[in-house]
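Asks: I'd like to ask you about the structure that follows.
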Amino acid sequence: MTEVRRVQSGSPWEEAFGFARAVQAGDRVVVGGTTSFKGDVLYGEGDPYEQTRVAIGNALEAMGELGVGAESVIRVRIFLTHARDVDEVGRAHKEVFDSVRPVMTMAVVSGFVDPRILVEVELEAFRGAPA
């Protein structure tokens, strides 16, 4: 039987909605929708590049608690509220994952639970991925 481990980030939404930031099941590690909030503070308000940079960092921090890093990421999903922000969001993604080259989906959505959020990121990693 595969052990399942969960990581909580302290987000108030995790408690209110009953979810974990990251879950490991066997060699697979997934990180749910992650924004640029740290506690009650939204970093990069109005700045899609900065929000993406911080959101990816927050997601990688959760993965790090499970012993995997950016080199193990195989899939990235990025949701953003404005198509005009694609280049800035893509630039932030490339800075982290250029040498890794995971598959990536970028989708424009109508909004998030807090209207100041411009970007949300999901990551998926494989522990057996070569460095």
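No lab work stands behind these numbers, since they all come straight from the coordinates. Quick caveat, the model's predicted, so the values are computed rather than measured. Cβ placement follows ideal geometry from the backbone for every residue including glycine, while neighbour counts extend to all protein chains displayed.
Asks: Over the chain, calculate the relative contact order: mean separation of alpha carbon pairs under 8 Å at least 6 apart, over the residue count, as a percent. Walk me through the numbers before you get to the answer.
Replies: Numbers: 252 pairs, mean separation 40.9, N = 131.
Worked out over the chain, it gives 31 percent.
Asks: A follow-up question, please. To the nearest 20 debye, what charge dipole does the range 45-86 have about its Cα centre, counting +1 at the Cβ of each Lys and Arg and -1 at the Cβ of each Asp and Glu?
Replies: Values: 4 positive and 7 negative charges, 51 e Å.
Computed about the Cα centre, the dipole is about 240 debye.
Asks: With +1 on each Lys and Arg Cβ and -1 on each Asp and Glu Cβ, how big is the dipole of the chain about its Cα centre, in debye rounded to the nearest 20? If you can, show how the numbers build up before the last one.
Replies: On the way: 14 positive and 20 negative charges, 73 e Å.
I would put it at about 340 debye.
Asks: Let me ask you something else. Please arrange Phe37, Phe112 by counting, for each residue, the other beta carbons lying within 10 Å of its beta carbon, fewest first.
Replies: Phe112, Phe37
Asks: Now for a different question. Which of Asp27, Asp114, Asp47 has the fewest other C-beta atoms within 10 Å, and how do the rest follow up to the most?
Replies: Fewest-to-most Cβ neighbours within 10 Å comes out as Asp114, Asp27, Asp47.
Asks: Specify which residue in the list Leu123, Pro102, Thr2 is farthest towards the positive end of the charge dipole of the chain, using unit charges on the beta carbon of Lys, Arg (+1) and Asp, Glu (-1), about the Cα centre.
Replies: Thr2
Asks: Under the rule of -39500 (n - 2.57) per DSSP H run of 4 or more residues, summed and divided by the residues of the chain, what mean residue ellipticity at 222 nm is obtained, to the nearest 500 deg cm²/dmol?
Replies: Result for the chain, helices only: -8000 deg cm²/dmol.
Asks: Now for a different question. Ranking Leu60, Leu42 by Cβ neighbours within 10 Å, fewest first, what do you get?
Replies: The fewest-first ordering by Cβ neighbours comes to Leu42, Leu60.
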